[in-house]
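Every number here is computed from the coordinates shown, using simple stated rules; none is lab data. Treat the numbers as computed from the prediction; the structure is a model and nothing was measured. Note that each Cβ is placed from the backbone with ideal geometry, even for glycine, and that neighbours are counted across all protein chains shown.
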Amino acid sequence: MRPGAPLWRTRLLPAFLALLGANLVALVAWTGPRYWRQRSAASRVEAAQAEAARRRETTAALRERAGAIRGNTADVRRFYEGLSGTEETDLLPTLQAIEEMARTPGLQPGTRSFRREDAEGARVERVAVTLPLEGSYGQLVGFLREVERSPRFVTVDSVTMRAGRDGTTALQVVLSAYLRHSEPEGKEDRPGRS
């Protein structure tokens, strides 16, 4: 202590500064961990909210996919039960219906040919029918409308057109019809099929 120094400067100021320092240390010791815990909790909340949003999106996508699978399953069931017949009951009537659909708008069908093949991954057989036709473009459009309106499941795979000299058009249409396998499920090999 210096002689002649005031009391507040020699005793009170150091005590005040020591007390102020102790308060600051206590404040930092008390609020610092709480601040970091709050900050950590806030970041965990943000991460949890982002994860919840991601899971909601995933759930919505899975629900949408499940709905599509249910719809596809119903479509496949409807196809097998109502749209595809068996060879014994529907092959000849389908071929006759295709020729009748060609005659309705006035086309002249030629000799048809067909090729059979198993559809991969399905319990049906594809019958590809090649049908030469003669007529006009308008008659072809009428034929395609008939195919579209047909209660039978027939697809148009390709249409080839050549103009004739007498104003007619030579057409070759390839259509596909699908027939259910007539033997019980689980039987893998079909005799006589390649």
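Quick look at the numbers
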| item | result |
| --- | --- |
| Cα-based helix-to-principal-axis angle, 87-103 vs the chain, degrees rounded to 10 | 80 degrees |
| Residue-by-residue Karplus 3J(HN,Hα) for region 152-158, coefficients 6.51, -1.76, 1.60, Hz, glycine and proline x | 7, 8, 10, 10, 9, 8, 7 |
| Relative contact order of region 85-180, defined on C-alpha pairs under 8 angstrom at six or more residues apart (%) | 33 percent |
| For region 113-127, Karplus couplings with θ = phi - 60° (6.51, -1.76, 1.60), whole Hz, Gly/Pro x | 9, 9, 10, 10, 7, 6, 7, 5, x, 9, 8, 10, 10, 8, 10 |
| Length added when fully stretched, Arg44-Arg149, from 0.36 nm per residue minus Cα-Cα | 31.8 nm |
| Highest average packing first - 75-81, 133-139, Cβ atoms within 10 Å | 133-139, 75-81 |
| Lys, Arg +1 and Asp, Glu -1 on Cβ, resulting dipole of the chain about Cα centre, debye, nearest 20 | 2360 debye |
| Net length gained if the chain between Ala52 and Val159 were fully extended (0.36 nm per residue, minus Cα distance) | 33.2 nm |
| Spacing of the two label points (7 Å from each Cα toward its C-beta) at Tyr80 and Leu24, in nm | 8.2 nm |
| Over region 1-148, relative contact order from alpha-carbon pairs under 8 Å, at least 6 apart, % | 15 percent |
| From the coordinates shown, Rg/Rh (Cα atoms, Kirkwood Rh) corresponds to which of [x] 1.71; [y] 0.96; [z] 1.37 | [x] |
| Calculated [θ] (222 nm, deg cm²/dmol) that DSSP helices of n ≥ 4 give over the chain, each run adding -39,500 (n - 2.57) | -18000 deg cm²/dmol |
| Leading residue at positive end of dipole, the chain (Cβ point charges), from Phe114, Gln139, Ala68 | Ala68 |
| Angle in degrees between helix 137-149 and the longest Cα principal axis of the chain, rounded to the nearest 10 | 60 degrees |
